[in-house]
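Asks: My questions all concern the structure below.
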Amino acid sequence: MTSTMATDVQGTVAPGFEGVRDAFAANFSERGDVGASLAVTRDGALVVDLWGGWADAERTRPWTRETLVNVYSTTKGITALAAAMLADRGQLDTDALVTGYWPEFGAAGKERIPVRWLLSHQAGLPAVDGEVPPGGALDWMTMIHLLEQQAPAWEPGTKMGYHAVTYGWLVGEVIRRITGKTPGTFVRDEIAGPLGAGFFIGLPESEDARTADIIPQADTGGPLPAFDPNSLAAKALTLGSGQSGAGVNTRAWRAAELPAANGHANAAALARIYGCLARGGELDGVRLLGKPAIERFATEVVSGHDEVIGVDARRGLGFILSQTGGRYHWGPNQRSFGHSGAGGSLGFADPDARIGFGYTMNQMASGLSADPRWAPMIEAVYGSL
């Protein structure tokens, strides 16, 4: 590998991948990045490992290879992987009713919802009607009890609508009921730990010193796009009170477990995890799961218009699938799957090219359209193959 010399960019690229370094560097000079990291694996080997810029808005803390940052909904892909691992072990049947694992879930008309509708955002539970008390979104059992009492916003199974924050508690509670572990503990013990990947759901205080601050969008002054506060989208993204996005740079937010929204990672961790999935679920002697489980979770189960946030999407069981055009266009291969996060973070696997891709940043981009930073980097990766 060769060392980069570009201003503000450090790290290495394998011979032939110099164009990826150039595209990453251009994100700082042309597309507003403040601090970021980019990593790519091919057949499990790290071929791009880049970082640069600053970990804070004041530009006093340099971004390093080890810098972590909140990746928002990119967390959902790792939560989906945890569910896939349980399915691969025979502990989770995604066609089974949620109540078989979580009996209290069946109240208020939810008794016939299968697990797969939680994973594919078809359960009709993108928000809660009950009042979320101050700090309630950071308390696991508070949100579980609210969701147990919640009636679906539409007939389950008839629509797809993004469960922006509730996805994490819904899928996460199934994981907890099966394993006895919180989702963050499961990810630590069975995914990030074995792979040596810097990914956390529930960030230890010991990691704060290497964690970057999220810098909000300039147009909204907050971490999320602006919606009509009475819309289902606003209720889904903020639980109707700003609870889900408040204080994202605080110790309380980082310590909590929101398996839909507050994973903290660096690009190398995302590329390593997705790189493992891109080569069939095993990397460096660590087996996460087998190809049949990957194919099942990364095969389209629903597509079309999202009734909550208004974008078109193809979804598998917890993963977003790449699509030609639109927001989620991640390279030329339609079997690519992964998840992006509010503001621009992204992780995906391409089993055809055996690529694992990870990008993390702290300057949030605006809106719900495709992030302008993605395409140049992804095009450069595939141009290097």
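Asks: Taking segment 351-366 only, how many residues are more than 16 Å from the chain's Cα centre (by Cα) and not in a loop (DSSP other than H, G, I, E, B)?
Replies: So the count comes out to 2.
Asks: Restricting to segment 148-184, name every residue that is part of a helix (DSSP H, G or I) and more than 18 Å from Ile201 (Cβ to Cβ).
Replies: Taking segment 148-184 and keeping what is part of a helix (DSSP H, G or I), we get 148-149, 166-179, 183-184.
Residues satisfying the conditions are Glu148, Gln149.
Asks: How many residues does segment 363-384 contain that are in contact with a strand residue (DSSP E or B) (Cβ under 7 Å, 6 or more places away or on another chain) and among the hydroxyl-bearing types (Ser, Thr, Tyr)?
Replies: 0
Asks: Considering segment 335-350 alone, what residues qualify as being more than 16 Å from Ala197 (Cα to Cα), in a strand (DSSP E or B) and among the hydrophobic types (A, V, I, L, M, F, W, C)?
Replies: The answer is Phe337, and nothing else.
Asks: A further question on this structure: Which of the numbered conditions does Ala6 fail, given that it passes all the others? Conditions: (1) surrounded by 24 or more Cβ atoms within 10 Å (Cβ to Cβ); (2) at pLDDT below 95; (3) among the aliphatic types (A, V, I, L, M).
Replies: (1)
Asks: Hey, another quick one. Asp189 passes all but one of (1) within 21 Å of Ile78 (Cα to Cα); (2) surrounded by fewer than 18 Cβ atoms within 10 Å (Cβ to Cβ); (3) acidic (Asp, Glu); (4) touching a helix residue (DSSP H, G or I) at 6+ places or on another chain (Cβ under 9 Å); which number fails?
Replies: (4)
Asks: Another one. Would you say Gln122 is surrounded by fewer than 20 Cβ atoms within 10 Å (Cβ to Cβ), polar (S, T, N, Q), in contact (Cβ under 8 Å) with a residue 12 or more places away in the chain and farther than 19 Å from Val248 by Cβ?
Replies: Values: surrounded by fewer than 20 Cβ atoms within 10 Å (Cβ to Cβ): no; polar (S, T, N, Q): yes; in contact (Cβ under 8 Å) with a residue 12 or more places away in the chain: yes; farther than 19 Å from Val248 by Cβ: yes.
The answer is no for Gln122.
Asks: Any chance segment 88-104 includes a residue that's of a type in the set (A, V, I, L, M), more than 18 Å from the chain's Cα centre (by Cα), over 30 Å from Gly280 (Cβ atoms) and surrounded by fewer than 22 Cβ atoms within 10 Å (Cβ to Cβ)?
Replies: Scanning segment 88-104 turns up at least one residue that is of a type in the set (A, V, I, L, M), more than 18 Å from the chain's Cα centre (by Cα), over 30 Å from Gly280 (Cβ atoms) and surrounded by fewer than 22 Cβ atoms within 10 Å (Cβ to Cβ).
Asks: Shifting gears a bit: What's the number of the only condition in (1) surrounded by 21 or more Cβ atoms within 10 Å (Cβ to Cβ); (2) out of contact with any helix residue (DSSP H, G or I) (no Cβ under 9 Å at 6 or more places or on another chain) that Leu317 fails to meet?
Replies: (2)
The values are calculated or read from the model by the stated rules, or taken from the named source; none is laboratory data. Being a predicted model, the structure only gives us computed values, none of them experimental. A quick note on method: Cβ atoms are made from the backbone with ideal geometry, for glycine too, and the neighbour counts reach across all protein chains shown.
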